[in-house]
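Quick notes on the structure that follows.
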Amino acid sequence: MASTQAAAASEQAPTKNPTLLAWVAKMAAMTQPDRIVWCDGSEAEKQRLTEQAVKDGTLIPLNPQKRPGCYLHRSNPNDVARVEHLTFICTPNKTDAGPTNNWMEPEAAYTKLSQLFEGCMKGRTMYVVPYAMGPLGGASTKIGVELTDSDYVVLNMRIMTRMGKAALDMLGDSDDFNRGLHSTGDVNPDRRYICHFPQDNTIWSFGSGYGGNVLLGKKCLALRIGSYLGREEGWLAEHMLILGVTSPKGETTYIAAAFPSACGKTNFAMMIPPKEYQGWKIETVGDDIAWMRPGPDGRLYAINPEAGYFGVVPGTNYKTNPNAMETISKDTLFTNVALTPDGDVWWEGKDGEVPEELIDWQGKPWKKGSTEKAAHPNSRFTAPMSNNPVLSAKANDPQGVPISAIIFGGRRSNTVPLVLQAFNWTHGVFLGATMGSETTAAATGKVGVVRRDPMAMLPFCGYHMGDYLQHWLDMQKSIPQLPKIFQVNWFRQDKNGKFIWPGYGENMRVLEWIVNRVQGRVPTQETLLGWVPRQDQGLNLKGLDLSEEAVLEATSIKEDEWKSELKSQEVFFEQLGTKAPEALMLQRKLLIARLDG
Ligand code: TSX
Ligand code: MN
């Protein structure tokens, strides 16, 4: 049986790549699918798979007048988010994975998961999904092949990556591709594992059908395996949006920014400047992941390895993100949102009236006023980036864009001021390393607790966090024209718990200051924490309905808050043990000395 399948696999395969054929045959021998289908990424294939997914109930067609080309998918209610406790980095030594990752010994992991994969595709189809992370033909671009028994995964990968024949052509006969194996299995949380084998450039994912666990190009390859490869090869794989800001004079500055989840990365990447900024334009290169490497001119160049957006739906509306609303108006897959009687989708925080009646994300009738959420808080859209009205033309440029500034942000109700610039690269890495974000009601656990999330990479770093921070420090030597590093906080609150800074489009004022700083146009004020906007020649607040006290409060630096902040940072650094980089420990000491001095 196994050898018949191996023959079948190579017979219809649109490639002669011997490594790829042998691997597909081996995986098919283990999982024993009834059929093997090589995906070409064509329109005809999309139609065929969509029709089939509608027939088997995986997709519900939406009203073609209201949402042309859009479908709704409901995942198993036990399978609605990434599962960090079931995500493993499988390196020979536990210390290589570090204290912030779950670890399994590679052979033990292969053995354990082989038992789950054994025969799991009987009666099913195995899809072979070749895909490129990054613009086709780019030097930074990586090829992956995902074997999956889920048509939903294929249709999502088709949006999120450059999938099909083009990727296979780019691979040619090379053996340099990520080997991804996925089966939805029986969606049992007790038999769910997402295992990464960085040394083998391999990912095995079993027992889930949800986005981040199964769209292997995204968090698994582009961040966990990517960060590992980045360290080996001298580049950075980061959880960052990339945007271009163009001034009325036509000068474009490219910026990368890391924010933990629930801080509005997608909103920031698609932001519309306020009316006072006529002639300014923000364009999106990417909303989630940046791969950055030094370019021939000594600057740091970034590509967005993805081709689509897998964004959180609730809270998205024409006030918070009009460009996202346009992006998801057609050819979009919705997962776990509510269905309206007229075949449109609905979610908490959508514009307009709450409908009287809905079908909720679990497929049950829902009435206005219900205490249950109609859409799951982690419900998602999968939309092609080509739908984005402000997509940068550079999003498809294999060279990427030269990054002038890197921003680190977090959700902090106190302590961290609106914006500051790091004194230098090492200090900037310290700001990234000490990033923290307060938990929101949507997340599990307590509200308002600061979680350390260095560079927003805590769940996504594929090796030891201490080695990762050292790699960031080391990159200084290979980037002659270093980006300037900034820290921002849109989420500071007043005594009454009200957000002080209006955020959203008004963040353009902070962005303009950052642009002016990197272009060397404005003077600055030195503080204990870094350089901040001066009272004069600082932030442009023209037309902003915000009192002078509020601005002072949003930008204030309170020494007592920083003394407790440093204590809380210490807990994180202690976790890294001897791998906590010396240069960061010195930054910490300098800050303590400045505060005590
Ligand atoms: O995305 C956000 N950004 C960045 C936008 C470019 N959000 C949403 C975060 C959850 C995804 C924000 N929330 C931002 C922000 O800058 N700021 C805030 C906090 C805030 C919330 C509401 C108001 C002001 C600030 N104002 C009113 O509701 C009227
Ligand atoms: Mn993300």
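The values are calculated or read from the model by the stated rules, or taken from the named source; none is laboratory data. Quick caveat, the model's predicted, so the values are computed rather than measured. All Cβ positions, glycine included, derive from the backbone under ideal geometry; neighbour counts span all protein chains shown. The area values use the complete protein model at the heavy-atom level, side chains included, leaving out ligands, DNA and RNA. Shrake-Rupley method; radii C 1.70, N 1.55, O 1.52, S 1.80 Å.
When all protein chains stay in place and ligands, DNA and RNA are ignored, the 1.4 Å accessible-area order of ARG451, ARG412, ARG162, largest first, is ARG451, ARG162, ARG412. For segment 20-33, backbone phi angles converted through the Karplus equation (6.51, -1.76, 1.60; θ = phi - 60°) give residue-by-residue couplings of 5, 4, 5, 5, 4, 4, 5, 5, 5, 4, 6, 8, 6, x Hz, Gly and Pro being listed as x. For the chain, the longest principal axis of the Cα atoms and the long axis of helix 151-160 meet at an angle of about 40 degrees.
Counting every C-alpha pair in segment 407-531, the share spaced more than 21 angstrom apart comes to 47%.
Multiplying the residue separation of ASN317 and ALA166 by 0.36 nm and removing their Cα-Cα distance gives an extension gain of 50.8 nm. When both bridge partners sit in the chain, DSSP labels roughly 65% of those beta bridges antiparallel. The candidates TYR131, TYR254, arranged from most to least accessible area with a 1.4 Å probe in the full protein assembly, appear as TYR254, TYR131.
I need the shape label for segment 64-169. Rule: rounded when a/c is under 1.5, else prolate if a/b > b/c, else oblate, with a, b, c from the alpha carbon gyration tensor. Because a/c hits 1.5 or more and a/b exceeds b/c, segment 64-169 counts as prolate. Near LEU72, the amide H atoms lying under 5 Å from its own belong to ILE60, LEU62, PHE334; only residues 5 or more places off or on other chains count, and H is placed 1.01 Å from N.
Taking every alpha-carbon pair under 8 Å whose residues sit at least 6 apart, segment 309-387 reaches a relative contact order of 45 percent. Accessible surface calculations at 1.4 Å, restricted to protein heavy atoms, place the chain at 40 Å² per residue.
When the P(r) is computed for segment 309-387, the part past 16 Å accounts for 46% of the Cα-Cα pairs.
Under the rule a/c < 1.5 gives rounded, and otherwise a/b versus b/c splits prolate from oblate, where does segment 217-362 land using the Cα gyration tensor? Oblate is the answer for segment 217-362, as a/c is 1.5 or above yet b/c matches or exceeds a/b. Size of segment 1-123: Rg and Dmax of its alpha carbons, in Å, are 19.2, 55. The value of relative contact order for segment 276-331, using C-alpha pairs under 8 Å at least six residues apart, is 22 percent.
Near the amide H of ILE485, within less than 5 Å, lie the amide hydrogens of ILE406, ALA422, all on another chain or at least 5 residues away, with H placed in the peptide plane.
If R0 equals 51 Å, the separation of the Cβ atoms of ASP176 and GLN535 corresponds to a calculated FRET efficiency of about 0.40. Each label was represented as a point 7 Å from its Cα along the Cα-to-Cβ direction; for LYS563 and VAL449 these points are 2.6 nm apart. 3J(HN,Hα) along segment 512-526, derived from phi through the Karplus expression 6.51 cos²θ - 1.76 cosθ + 1.60 where θ = phi - 60°, amounts to 4, 4, 4, 4, 4, 5, 6, 8, x, 9, 10, x, 9, 10, 7 Hz, with x in place of Gly and Pro. A cut-off of 5 Å between modelled amide H atoms, ignoring neighbours fewer than 5 places along the same chain, links GLY41 with LYS165. Rounded to the nearest 10 Å², what accessible area does SER329 have for a 1.4 Å probe in the complete protein model? Probe radius 1.4 Å; accessible area of SER329 about 40 Å². First check a/c for segment 315-359, with a ≥ b ≥ c the square roots of the eigenvalues of its C-alpha gyration tensor; if it is under 1.5, answer rounded, and if not, answer prolate when a/b is larger than b/c or oblate otherwise. Here segment 315-359 falls in the oblate category. Taking one quarter of the surface of the C-alpha convex hull of segment 505-557 gives a mean projected area of 3.9 nm². Length, then width, then depth: along the principal axes, the Cα atoms of the chain run 75, 57, 46 Å. For the chain, the 222 nm mean residue ellipticity estimated from helices alone, with every DSSP H stretch of n ≥ 4 adding -39500 (n - 2.57) and the total spread over all residues, rounds to -8000 deg cm²/dmol. All C-alpha pair distances within segment 486-597, sorted into 5 Å bins from zero, spread as 2, 9, 17, 19, 17, 16, 12, 6, 2, 0, 0 percent across the bins. Once the gyration tensor of the Cα atoms in segment 189-250 is diagonalised, the equivalent ellipsoid follows with semi-axes of 31, 17, 6 Å, ordered largest first. From the largest down, segment 252-308 spans 38, 28, 19 angstrom on the principal axes of its Cα atoms.
Here the Karplus relation 6.51 cos²θ - 1.76 cosθ + 1.60, evaluated at θ = phi - 60°, turns the backbone of segment 54-70 into coupling constants of 5, 4, 8, x, 5, 10, 10, x, 8, 4, x, 6, 8, 9, x, x, 9 Hz, with x for every Gly and Pro.
Over the chain, Cα pairs under 8 Å with separation of 6+ residues give a relative contact order of 14 percent.
Look at the dipole of the chain built from charges on Cβ: of ILE194, SER379, GLY69, the Cα furthest out on the positive end belongs to SER379.
Per residue, the convex hull spanned by the Cα atoms of segment 147-289 measures out at 156 cubic angstrom.
Of ARG192, ARG124, the residue with the largest accessible area leads and the full order is ARG124, ARG192 (1.4 Å probe). Within the accessible surface of the chain, defined with a 1.4 Å probe on protein heavy atoms only, the carbon and sulfur portion equals 50 percent.
Treating the angle as unsigned and between 0 and 90°, give the value, to the nearest 10°, between the Cα long axis of helix 465-475 and the longest Cα principal axis of the chain. Rounded to the nearest ten degrees, it is 70. Using a simple spin-label model with pseudo-atoms 7 Å out from Cα toward Cβ, SER478 and ASN102 lie 3.2 nm apart.
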